Amino acid sequence: MTLIKSISGIRGTIGGLPGEGLSPLDVVKFTAAYATWAKEKAQKNKITIVVGRDARISGSMVSSLVVSTLSGMGCDVVNIGLATTPTTELAVTAEQADGGIILTASHNPKQWNALKLLNPAGEFLNAEEGARILGIAEAGNFSFAEVDDLGNVSEKDYTAFHVQHVLGLDLVDVDAIRSANFSVAVDAVNSVGGVAMPALFEALGIKKIIKINCEPTGHFAHTPEPVPENLVETAAIIREAGVDLGFVVDPDVDRLVIINEDGSMFNEEYTLVAVSDYILGRTPGATVSNLSSSRALRDVTEKHGQRYEAAAVGEVNVVAKMREIGAIIGGEGNGGIIYPTSHSGRDALVGAALFLSHLAKSGMKCSELRKTYPDYFISKNKIELTPGIDVDGILVKMKEKYSHEQVTDIDGVKIDFADAWIHLRKSNTEPIIRIYAEAKTKEVADELAENIIGDIKSII
């Protein structure tokens, strides 16, 4: 059993003893702590909270606990049921609510679930807010409402609202998409994307939609993280179906992966690159991705004569940097698109509609569009360390060793070379250093990672 309490939310495996897994008691405790914080922030006792969930097996059980606990804390609840993460974020602002809770463990396996916590803007909490909630939960400083003050619960479906919101974006060209007469496939890994993504494609006028794993049962047909090794069967189905392209989402639909018409991977890093290219061609402005994302975004941004900046890893950090420099598009290399014109959260529906607009206007096949972007390859590695090793000290020594190169230390240590980079980050939950390297060939990226691993081992 595992329970991970962090500033970004509470996640864990279902079952086990309280405090060791995401037990019903833990769900109640952290929901009550969140409600207490939300009342503090709103400076009133009667607040409204939106609750949405993905299709995990445990989702109904956890949702019942969360909704009842919020009501028991005197909060009115808008329960939007099965909903993507970005749908829930949009619902918070549409309802003018005081916050929201998303019940999803994102790309984690089926035994996991989580409470992801939103502020009144429908965005994830910052570090200070998250720490405050953890403190309230630890101290048990929450008081439940008396019978006359219990919160009311209403139920709404926000999927259609989300789809119409996407269609209303100026750079989503519905006419161009409809005229292109695209055929698409979508793999929703048996979660809520199986409802939302086909609804979007139908609204965009796409007639042929091949649904793969679109029944929202929570019994994931394959490992839910949308990376190439988990999508071999999906890629084969797309190739054999003869569609123009395929889309894959994770269980909560904030990550978007594209598969070319021939079954080859567009590459999850290049979802953001392609969408940014489309946006920058029509709207001048800055872009942002995290330090572990591909350099291809910087290249494309500079091709358009615009400014690129990197943020620390984590959606909340990317959003903060985007606000700081007024970026018009940003996200993460895992297929996460953040388009502030829509809202400041990763959104696969927004990403898919913008990509289809781009593809329609390009007149190219999906595989041909991919070839217009610079090729980079990322090698992902890690070093497992024994407990007690000074990981921060290791990172400081690596920074000193490569001080003659361009070094960024806002999140671990990133070393930028002329034609490559490497990023070293420590895990917050285990004695591990994650090592991501990128270069123009896989062999060079792997070699760079191996050399850095050797450097680290020499100073342990």
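Scanning the range 386-433 for residues that are closer than 24 Å to R11 by Cα, aliphatic (A, V, I, L, M) and buried (at least 18 other Cβ atoms within 10 Å of the Cβ) returns a single hit, I433.
Within the range 68-85, can you find the residues that are over 24 Å from the mean Cα position of the chain (by Cα) and not in a strand (DSSP E or B)? Before the answer, list the steps.
First pass over the range 68-85, keeping only residues over 24 Å from the mean Cα position of the chain (by Cα): 68-77.
Matches in the range 68-85: S68, T69, L70, S71, G72, M73, G74, C75.
If you check S344, S379 for being under 18 Å from G412 (Cα atoms) and in contact with a helix residue (DSSP H, G or I) (Cβ under 6 Å, 6 or more places away or on another chain), only one passes: S379. Is one or more of the residues making up the range 142-154 in contact with a Cys (Cβ under 8 Å, 6 or more places away or on another chain) and surrounded by 20 or more Cβ atoms within 10 Å (Cβ to Cβ)? Among the residues of the range 142-154, at least one is in contact with a Cys (Cβ under 8 Å, 6 or more places away or on another chain) and surrounded by 20 or more Cβ atoms within 10 Å (Cβ to Cβ), which makes the answer yes. Take L448 and tell me if it is among the hydrophobic types (A, V, I, L, M, F, W, C), farther than 19 Å from G333 by Cβ and surrounded by 18 or more Cβ atoms within 10 Å (Cβ to Cβ). The answer is no for L448.
When the range 196-211 is limited to residues that are among the aliphatic types (A, V, I, L, M) and touching a helix residue (DSSP H, G or I) at 6+ places or on another chain (Cβ under 6 Å), the one that is nearest to R255 (Cα to Cα) turns out to be A196.
Summed over the range 382-395, the residues that are of a type in the set (V, I, T) and within 15 Å of I435 (Cα to Cα) give a count of 3. Look at the range 300-318: where a residue is closer than 25 Å to L424 by Cα and a partner is acidic (D, E) and surrounded by fewer than 21 Cβ atoms within 10 Å (Cβ to Cβ), sitting 6+ places away or on another chain with Cβ atoms under 7 Å, you get Y308/E302; A312/D411; V313/D411. Take T234 and tell me if it is assigned to a helix (DSSP H, G or I) and either at pLDDT below 95 or under 16 Å from the mean Cα position of the chain (by Cα) (or both). For T234, the condition - assigned to a helix (DSSP H, G or I) and either at pLDDT below 95 or under 16 Å from the mean Cα position of the chain (by Cα) (or both) - is not met.
Being polar (S, T, N, Q) and in a loop (DSSP other than H, G, I, E, B) is the filter here; which residues of the range 269-303 pass it?
Just the residues of the range 269-303 that are polar (S, T, N, Q), to begin with: 271, 276, 283, 287, 289-290, 292-294, 301.
T283, S292, S293, S294, listed by residue number.
Checking every residue in the range 344-360 against the condition of being farther than 21 Å from L204 by Cβ and β-branched (V, I, T) gives zero matches.
Within the range 31-52, residues that are in contact (Cβ under 8 Å) with a residue 24 or more places away in the chain and in the same structural domain as A131 (by TED's automatic domain parsing) sit with their Cβ atoms under 7 Å from residues that are polar (S, T, N, Q) and assigned to a helix (DSSP H, G or I), at 6+ positions apart or across chains, in these pairs: T31/T69; A32/T69; V50/T88; V51/S63; G52/T87; G52/T88. Close Cβ contacts (under 7 Å, 6 or more residues apart or on different chains) running from residues in the range 368-381 that are part of a loop (DSSP other than H, G, I, E, B) to residues that are at pLDDT 95 or above and charged (D, E, K, R) comprise P374/D299; D375/K440; Y376/R295; Y376/E438; Y376/K440. When the range 82-105 is examined, which residues are found to be out of contact with any helix residue (DSSP H, G or I) (no Cβ under 8 Å at 6 or more places or on another chain) and surrounded by fewer than 20 Cβ atoms within 10 Å (Cβ to Cβ)? Hits for the range 82-105 are T93, E95, Q96.
Within the range 346-367, the residues that satisfy the criterion of being assigned to a loop (DSSP other than H, G, I, E, B) and surrounded by fewer than 20 Cβ atoms within 10 Å (Cβ to Cβ) are G363, M364, K365.
Note on the range 304-331: residues that are part of a loop (DSSP other than H, G, I, E, B) and closer than 21 Å to I415 by Cβ amount to 3. Within the range 217-231, is even one residue closer than 20 Å to H358 by Cα, free of Cβ contacts under 8 Å to residues at least 12 places away in the same chain and either crowded, with 21+ Cβ neighbours inside 10 Å or not hydroxyl-bearing (S, T, Y) (or both)? For the range 217-231, residues closer than 20 Å to H358 by Cα, free of Cβ contacts under 8 Å to residues at least 12 places away in the same chain and either crowded, with 21+ Cβ neighbours inside 10 Å or not hydroxyl-bearing (S, T, Y) (or both): absent.
Of the residues making up the range 166-217, those that are farther than 14 Å from G351 by Cα and either assigned by TED's automatic domain parsing to the domain that holds P86 or in a strand (DSSP E or B) (or both) are S183, V184, A185, D187, K208, I209, I210, K211, I212.
Suppose we filter the range 242-268 for residues that are in a loop (DSSP other than H, G, I, E, B) and of a type outside the set (S, T, N, Q); how many remain? Step through it out loud before you land on a result.
Taking the range 242-268 first, the residues in a loop (DSSP other than H, G, I, E, B) are 242-244, 250-255, 261-264, 266-268.
Within this subset, residues satisfying the condition of being of a type outside the set (S, T, N, Q) are 242-244, 250-255, 261-263, 266, 268.
Counting residues in the range 242-268 that are in a loop (DSSP other than H, G, I, E, B) and of a type outside the set (S, T, N, Q) gives 14.
Do we find that N141 is in a loop (DSSP other than H, G, I, E, B), modelled with pLDDT under 95 and out of contact with any strand residue (DSSP E or B) (no Cβ under 7 Å at 6 or more places or on another chain) in this structure? Against the criterion (in a loop (DSSP other than H, G, I, E, B), modelled with pLDDT under 95 and out of contact with any strand residue (DSSP E or B) (no Cβ under 7 Å at 6 or more places or on another chain)), N141 qualifies.
For every residue, the table says whether it meets (1) on the phi < 0 side of the Ramachandran plot; (2) surrounded by fewer than 24 Cβ atoms within 10 Å (Cβ to Cβ); (3) assigned by TED's automatic domain parsing to the domain that holds N108; (4) modelled with pLDDT of 95 or more.
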site: E240; (1), (2), (3), (4): yes, yes, no, yes
site: R255; (1), (2), (3), (4): yes, no, no, yes
site: I259; (1), (2), (3), (4): yes, no, no, yes
site: V275; (1), (2), (3), (4): yes, no, no, yes
site: R295; (1), (2), (3), (4): yes, yes, no, yes
site: E302; (1), (2), (3), (4): yes, yes, no, yes
site: E309; (1), (2), (3), (4): yes, yes, no, yes
site: E315; (1), (2), (3), (4): yes, yes, no, no
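Among the residues of the range 17-33, is any closer than 29 Å to H165 by Cβ and assigned to a loop (DSSP other than H, G, I, E, B)? No: zero hits.
The values are calculated or read from the model by the stated rules, or taken from the named source; none is laboratory data. Just so you know, these numbers come straight off a predicted model, no measurement behind them. Methodologically, a virtual Cβ is constructed for each residue, glycine included, from the backbone with ideal geometry; neighbour enumeration extends over all protein chains shown.
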